[in-house]
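To keep things clear, I will list the structure first and then write my remarks on it.
What follows draws every value from the coordinates through simple rules; no lab data is involved. Quick caveat, the model's predicted, so the values are computed rather than measured. Note that we place each Cβ from the backbone using ideal geometry, even for glycine, and neighbour counts take in every protein chain shown.
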Amino acid sequence: MMQRNRLFALSLAFLLAGCSSLMVEDAVVGPDFVPRNVFLAAPQLPKSLRTVAVLPLTADPRLADGAAGIMTLEPVLRGELTKQLRFELIFISPQQLREWTQRISWTSNDELPPSFFETLRRHVHCDGVMFSQLTQYQAYPPLSLGWHFKLVDGVSAQVVWAADEIFDSRDKAVSNSARRYQQASQTMGNTAPDSKIILTSPDRFAHYSAAALFGTLPPR
């Protein structure tokens, strides 16, 4: 019995040492990336802004892989925005936009029709409108992803929040933040976590970058 206990103790010590080694090997050292190109009209969301119409993701027309980026990243955008629980979301399809506005997409830089916000309020009873654009998309290492978001009050047409950032995995602070995001997302039971995987996964990197920007939305 004593010998069995010793063997168990040695095995446990070996296992813990191995886990410790893995943790050290996956250590992330250095500062995080802090989004700075963010605009807040007020420290809190307006009480009247409860329901937001989210327009389809667009891409900068200069992006060679813009269409592929939209297809890949729109589900990421929707998922991360939903996690914020800031307001009720109504996702507008390109077909609905075409029916209501004669175009399948709009950006916040477009010259909007005078009745644009009134039209959306009439159809989906929204208080605000979220514009989203992909400004940079490199889906192979070194990963690079640019987002431009703008939340507009649907009644006053005033900007409530805006964010415009490029996340470049070659930036040490961006790499640190992405890896820490990956570590926090590791599933239980993964005996050999490696946070660096996020730096080669466009999907994981997109989740991190969208979450980082939506995290700057003002609280309610």
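Assorted remarks:
- Two-site FRET efficiency, residue 42 against residue 125, from Cβ-Cβ distance with R₀ of 25 Å, rounded to 0.05: 0.60
- Electrostatic bookkeeping for residue 143 treats Lys and Arg as +1 and Asp and Glu as -1; over the other residues with beta carbon under 10 Å from its beta carbon, the sum is +1.
- The charge dipole of segment 38-160, taken about the Cα centre with unit charges on the Cβ atoms of Lys, Arg (+1) and Asp, Glu (-1), comes to about 240 debye, rounded to the nearest 20.
- When the charge dipole of the chain is built from unit charges on Cβ atoms (+1 for Lys and Arg, -1 for Asp and Glu) and taken about the Cα centre, the candidate among 55, 207, 125 whose Cα reaches farthest toward its positive end is 207.
- In straight-distance terms, cross-link reach from residue 47 covers every one of the lysines whose alpha-carbon lies under 25 Å from its own, apart from those fewer than eight places away in the same chain; here that gives 83, 150.
- Percent breakdown of C-alpha pair distances by 5 Å bin, ordered from the shortest bin, for segment 109-165: 4, 17, 23, 19, 13, 10, 7, 5, 2
- Within the shell of other residues whose beta carbon sits under 11 angstrom from the beta carbon of residue 35, the net charge comes to -2, with Lys and Arg scored +1 and Asp and Glu -1.
- Solution diffusion estimate, µm²/s, Stokes-Einstein, segment 37-133, Kirkwood Rh from C-alpha pairs, 20 °C, viscosity 1.002 mPa s: 147
- Ratio Rg/Rh [Cα only; Rh per Kirkwood] for the chain: 1.12
- For segment 100-220, the direction-averaged projected area of the alpha-carbon convex hull comes to 9.7 nm².
- Electrostatic dipole magnitude of the chain [Cβ: Lys, Arg +1; Asp, Glu -1; Cα centre; debye, to 20]: 640
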